[in-house]
Amino acid sequence: VCRARLEPWRRGDALAIILRHEVWGRAECAGWLARHPGWGRILTWGVWALECAFPLALFLGVPGLATVLAALLLMHLGIAWLMGLNGFVWAMAATFPALLFASARISGWLR
């Protein structure tokens, strides 16, 4: 079951599939991704890589983490626009102060 759910992400089809959803999707964007499968793979794998590698950003120090958080904010703003998940952006951004604090503490411990 788990392998079947991961397969669209591995193939690079996940974003196109999500954007075809009748409630959370945008048909015009799903159509564009269907016409440009290379971009679908790049965006799908980019989302996957950014989300999976994020915990490592805590070890970059505050300036490095701030850069990663800016990228995550842009990605989640795009998700909010594409899927209408506007409240999600604010919930995610509300964690930024705690993440910056944790990164500063980790940097201090590593020195």
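The values are calculated or read from the model by the stated rules, or taken from the named source; none is laboratory data. Just so we're clear, the structure is a prediction, and the values are computed from it rather than from any experiment. Here the Cβ positions follow ideal geometry from the backbone for every residue, glycine too, while neighbour counts run over all protein chains shown. The protein model used for the area step is the full one, side chains on, heavy atoms only, and it has no ligands, DNA or RNA in it. Shrake-Rupley method; radii C 1.70, N 1.55, O 1.52, S 1.80 Å.
By accessible area, using a 1.4 Å probe on protein heavy atoms only, the chain has 71% of its surface on carbon and sulfur.
In the chain, the DSSP-assigned H stretches of four residues or longer account for a calculated mean residue ellipticity at 222 nm of -26500 deg cm²/dmol, using -39500 (n - 2.57) per stretch and the full residue count as denominator.
PRE reach from residue 111 (point 7 Å along Cα→Cβ): which of the stretch 56-90 fall under 20 Å by backbone N? Flagged as within label range: 57-67.
Taking Cα centre as origin and charging only the Cβ of basic (Lys, Arg, +1) and acidic (Asp, Glu, -1) residues, the dipole magnitude of the chain rounds to 240 debye.
Based on the alpha-carbon gyration tensor of the stretch 44-94 and its eigenvalue square roots a ≥ b ≥ c, which shape applies: rounded if a/c is under 1.5, prolate if not and a/b is larger than b/c, or oblate? In terms of gyration-tensor shape, oblate. Using 16 Å as the cut-off for backbone N distance, which residues of the stretch 44-67 belong to the label zone defined by a point 7 Å from the Cα of residue 104 along Cα→Cβ? Answer for this model: 58-67. Quick check: the distance between the Cα centres of the stretch 3-38 and the stretch 44-105, to the nearest angstrom? After rounding, the separation between the Cα centres reads 22 Å. Positive-end ranking of 2, 67, 99 along the dipole of the chain, with charges on Cβ about the Cα centre, is headed by 2. Taking other residues whose beta carbon is less than 13 angstrom from the beta carbon of residue 29, and scoring Lys, Arg as +1 and Asp, Glu as -1, yields +2. Summarising the overall dimensions of the chain from its C-alpha atoms, the Rg and Dmax are 16.3, 51 angstrom. When each full DSSP H helix of the chain is screened for a Cα extent of at least 20 Å along its own axis and an average Kyte-Doolittle hydropathy of at least -1.0, the helices passing are 37-57, 61-83, 96-110.
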